[in-house]
Amino acid sequence: MEKTYSIKEVSNIFNITTNKIRFYEKKGLIKPKRDFENAYRYFTEDDLIKLQTILMYRELDIPIENIKDIFIDESKDNILNHFHVQWEVINNQIHRMQLIKDSLEEIMDNIYESESEAYKEKTIKIIKSMNDLWQIKNQWKDKWDFNSWARTYDKSVEKHSGSLNFYKYYNGILDTVYEKSVKNKENTINVLEIGVGTGNLANRFLQGQYDIIGIDQSREMLNVAKEKFPELKLRLGEFLNIPFGNGKFDVIVSTYAFHHLNEKEKKIAIKEMIRVLKDNGRIVIGDLMFENQEAKEKIISRLTKEEIEEIEDEYYSNIQSLKDEFKRYSKDLQITRMDELVFIIEVN
Ligand SMILES: C[S@@+](CC[C@H](N)C(=O)[O-])C[C@H]1O[C@@H](n2cnc3c(N)ncnc32)[C@H](O)[C@@H]1O
């Protein structure tokens, strides 16, 4: 006969209250057998395994409803999806907490240093700017729907789709970004790629035996990259809330992704990249850019209405503004023009 356990025994095994066990039962996560005569619950070995899984997932702060969904669909895809969601939730909490912590520091310093009541006004200002920053960090939306582009992305790159033809030198651009980032560096360095897409640039680092991890905001892009390059490490993540600690990477690379951020977002993304970069680290970005406002106007004056619309649907960088922004972190920029609209910037 199958061994069963009473609720008291289960509570002792896991060192949790009987109320907690009843709560999980009420939520439909476990369904112990009931004795019709005395209404006692009997837990099987399977119930115990399930309860252990619930407790484990709760340690990761996964919500009850999500655990329920994992039990309904135990496919690898669904489980991974929930872990990705949780990874994002926790990453956002870390970023939010860090912002609050930084603001508290600023407020406390300000109170110490203020001789009058002036600190009150300054405190309000600090909190307001913290909220504004959080809004920008949290509001970025994928209005291009990269998830639905993921499966056909490589093909459309091959065809240089779009009238501006900026994928014409795609492979050469990726090769150059790779060469510039590893120049004078050992292959023991840590590399981060942001907006990894289907993994074409990351694969160059894999071939060179580099330790690379790619992040992308699109789950479907990550799926395609993983299918193509099973050994590639990938995480859900984005420019504005990079899901890693400070000073972790020797090199950060990105191609054809940075122009999905507007001017304000670019500044935050630069701050984020500098945060996760080691002191003597290097950033190499290959992307759609203009040298400055004057160059932009000159190019635009030669384009068709449709081409201008294509450019204005995104946020091509102004290299002069990037230079100014990186200078704030004592970083220099070297520029290589690859095409009329594609530049590579190397930040050291
Ligand atoms: C045009 S694709 C380029 C993919 C790849 N880097 C390449 O060169 O083929 C742009 C990629 O950047 C990602 N992306 C766009 N905005 C992003 C953001 N804010 N954070 C992270 N990834 C982003 C998209 O999901 C997409 O995978």
Restricting to the chain, compute how many DSSP beta bridges are antiparallel as a %, nearest 5.
-> 45 percent
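What 222 nm value per residue comes from the helices of the chain, counting each DSSP H run with n ≥ 4 as -39,500 (n - 2.57) and dividing by all residues, nearest 500 deg cm²/dmol? Could you put the intermediate results ahead of the total?
Working: 15 runs with 181 residues, N = 348.
Computed ellipticity for the chain at 222 nm equals -16000 deg cm²/dmol.
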Can you tell me the dipole magnitude for the range 115-179 around its Cα centre, using point charges on the Cβ only (Lys, Arg +1; Asp, Glu -1), in Debye to the nearest 20?
-> 280 debye
The chain, Gaussian network, Cα under 10 Å: of Ile90, Ile173, Ile300, the residue fluctuating most is Ile300
Relative to the longest principal Cα axis of the chain, at what angle does helix 76-113 sit, 0 to 90 degrees, rounded to 10?
-> 70 degrees
Per residue, what volume in Å³ does the convex hull of the Cα atoms of the range 7-72 enclose?
-> 84 Å³
At q = 0.11, 0.18, 0.22 Å⁻¹, work out log10 I(q)/I(0) for the range 48-121 with the Debye formula, treating every Cα as an identical point scatterer and leaving solvent out; two decimals please.
-> -0.48, -0.75, -0.96
So how do 279-290, 202-213, 67-78 stack up, highest first, on mean other-Cβ count within 10 Å?
-> 279-290, 202-213, 67-78
If each part is reduced to its alpha-carbon centroid, the range 197-231 and the range 41-105 end up apart, in Å, by 25 Å
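May I have the convex hull volume per residue, in Å³, for the Cα set of the range 134-226? Don't jump to the answer; show the numbers that get you there.
On the way: hull volume 12.0 nm³, N = 93.
It is 129 Å³ per residue.
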Helix 45-59 versus the longest principal axis of the chain: what is the Cα-based angle in degrees, 0 to 90, to the nearest 10?
-> 40 degrees
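Taking a 20 Å limit on the Cα-Cα distance, which of the listed pairs Lys159/Lys233; Lys76/Lys226; Lys101/Lys143; Lys76/Lys233 fall beyond it? Mind dumping the intermediate values first?
Numbers: Lys159/Lys233 28 Å; Lys76/Lys226 14 Å; Lys101/Lys143 31 Å; Lys76/Lys233 17 Å.
Violating the 20 Å Cα-Cα cut-off are Lys159/Lys233; Lys101/Lys143.
Over 20 Å between Cα atoms, which of Lys26/Lys68; Lys168/Lys271; Lys296/Lys323; Lys125/Lys248; Lys8/Lys33 qualify?
Values: Lys26/Lys68 12 Å; Lys168/Lys271 31 Å; Lys296/Lys323 16 Å; Lys125/Lys248 32 Å; Lys8/Lys33 15 Å.
Over 20 Å apart, Cα to Cα: Lys168/Lys271; Lys125/Lys248.
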Report Rg(Cα)/(2.2 N^0.38 Å) for the range 268-313, keeping two decimals.
-> 1.66
From the P(r) of the chain, can you give the percent of Cα pairs sitting at distances over 39 Å?
-> 33 percent
Thr336/Asn147 FRET efficiency (R0 25 Å; Cβ-Cβ; nearest 0.05) | 0.20
Determine one quarter of the surface area of the Cα convex hull of the range 34-174, which equals its mean projected area, and express it in nm² to one decimal.
-> 18.3 nm²
Give the angle, between 0 and 90 degrees and rounded to the nearest 10, that separates the Cα long axis of helix 118-139 from the longest principal axis of the Cα atoms of the chain.
-> 90 degrees
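For the chain, what does the relative contact order come out to in percent, with C-alpha contacts under 8 Å and a separation of six or more? Present the calculation step by step, with values, prior to reporting the outcome.
Details: 434 pairs, mean separation 40.3, N = 348.
Relative CO of the chain lands at 12 percent.
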Mind jotting down the three principal axis lengths of the range 146-347 based on Cα atoms? Whole angstrom, largest first.
-> 46, 40, 28
Fluctuation leader among Thr176, Thr17, Thr255 - the chain, Gaussian network, Cα springs under 10 angstrom = Thr17
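How much net charge surrounds Tyr112 when only other residues with a Cβ under 15 Å from its Cβ are counted (Lys, Arg +1; Asp, Glu -1)?
Details: positive: Lys120, Lys122; negative: Glu105, Glu106, Asp109, Glu113, Glu115, Glu117.
So the environment of Tyr112 carries a net charge of -4.
Just so you know, all these numbers are worked out from the coordinates, no wet-lab data involved. This one's a predicted model, so the numbers in the text were calculated from it and none came from an experiment. Note that each Cβ is placed from the backbone with ideal geometry, even for glycine, and that neighbours are counted across all protein chains shown.
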